[in-house]
1. Only one residue in 65, 71 is at pLDDT below 95 and either in a helix (DSSP H, G or I) or within 30 Å of residue 187 (Cβ to Cβ) (or both), so which one is that?
2. What are the residues in the range 5-34 that are free of Cβ contacts under 8 Å to residues at least 60 places away in the same chain and either surrounded by 20 or more Cβ atoms within 10 Å (Cβ to Cβ) or out of contact with any strand residue (DSSP E or B) (no Cβ under 9 Å at 6 or more places or on another chain) (or both), if any?
3. Which pairs have Cβ atoms under 9 Å, sit 6 or more apart or on different chains, and link a residue in the range 102-125 that is farther than 13 Å from residue 167 by Cβ to one that is assigned to a loop (DSSP other than H, G, I, E, B) and at pLDDT 95 or above?
4. Looking at this structure, is residue 95 modelled with pLDDT of 95 or more, part of a strand (DSSP E or B) and either out of contact with any helix residue (DSSP H, G or I) (no Cβ under 7 Å at 6 or more places or on another chain) or within 29 Å of residue 195 (Cα to Cα) (or both)?
5. Restricting to the range 88-102, give me the number of residues that are surrounded by 16 or more Cβ atoms within 10 Å (Cβ to Cβ) and more than 16 Å from the chain's Cα centre (by Cα).
6. Of the conditions (1) under 21 Å from the mean Cα position of the chain (by Cα); (2) more than 30 Å from residue 198 (Cα to Cα), residue 65 clears all except one; give me its number.
7. For the range 35-55, check the following and say yes or no: at least one residue is part of a loop (DSSP other than H, G, I, E, B), modelled with pLDDT of 95 or more and out of contact with any strand residue (DSSP E or B) (no Cβ under 8 Å at 6 or more places or on another chain).
8. Here are some residues: 143, 147. Which one is buried (at least 16 other Cβ atoms within 10 Å of the Cβ), more than 15 Å from the chain's Cα centre (by Cα), within 26 Å of residue 178 (Cα to Cα) and touching a residue at least 60 places away in the same chain (Cβ under 8 Å)?
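The values are calculated or read from the model by the stated rules, or taken from the named source; none is laboratory data. All figures in this text were calculated on a predicted structure; none of them were measured in a lab. FYI the Cβ positions are ideal-geometry reconstructions off the backbone, even for glycines, and counts take in every protein chain you see.
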């Protein structure tokens with residue numbers, strides 16, 4: 001085993017299939033961590049970051065039980081870049097600290113972290129390899145509309161992130177999720193095997 005685990009980041013754009021790819025890497029035997037899941041937990045009831053969110057955005061973004069109205073806050077931050085930056089300044093430090101802790105305790109030589117805003121937050125330098133899940137922007141929009149978003153909401157969410165083509169050009173590996181799930185599965189398995197072989201060669 002190498003002196004420290006190989007740190008691999010999985011990223012992409014909204015609705016490009018990152019979560020599915022992460023699940024498939026886990027099925028291949030990879031240990032994985034999901035930044036979105038950490039972010040959701042960071043804003044759950046009783047979490048310290050929640051008080052900061054309430055202080056910044058006000059009680060109108062909370063329901064009567066005290067839980068965060070995530071949908072209303074999402075509508076705000078995707079329409080207001082300054083609000084989005086403020087929310088990210090609250091949540092991102094929590095997320096990245098937990099990911100660092102996860103890698104520090106990793107019992108295997110490779111770990112994969114799903115980080116949607118990897119490039120936007122300039123975190124790519126903290127990883128040995130980057131994998132991008134991508135599909136054409138038209139398919140991103142179609143997937144978001146199928147989730148129930150309005151066309152304007154879909155455009156705002158896509159525009160809030162770095163172009164998927166730019167991300168694809170910067171990455172070490174790319175997974176095209178525009179085809180069948182079996183095609184995506186094949187690409188995931190091939191990348192996982194290559195990562196494993198590289199670690200084995202490194203000793």
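1. Just a single option satisfies the conditions, and that option is 71.
2. The answer is 27, and nothing else.
3. 108/29; 108/30; 110/30; 111/30; 112/30; 113/127
4. Spelling it out, it is not the case that residue 95 is modelled with pLDDT of 95 or more, part of a strand (DSSP E or B) and either out of contact with any helix residue (DSSP H, G or I) (no Cβ under 7 Å at 6 or more places or on another chain) or within 29 Å of residue 195 (Cα to Cα) (or both).
5. Selection size over the range 88-102: 1.
6. (1)
7. No; the residues of the range 35-55 include none that is part of a loop (DSSP other than H, G, I, E, B), modelled with pLDDT of 95 or more and out of contact with any strand residue (DSSP E or B) (no Cβ under 8 Å at 6 or more places or on another chain).
8. Going through 143, 147 in turn, the sole match is 143.
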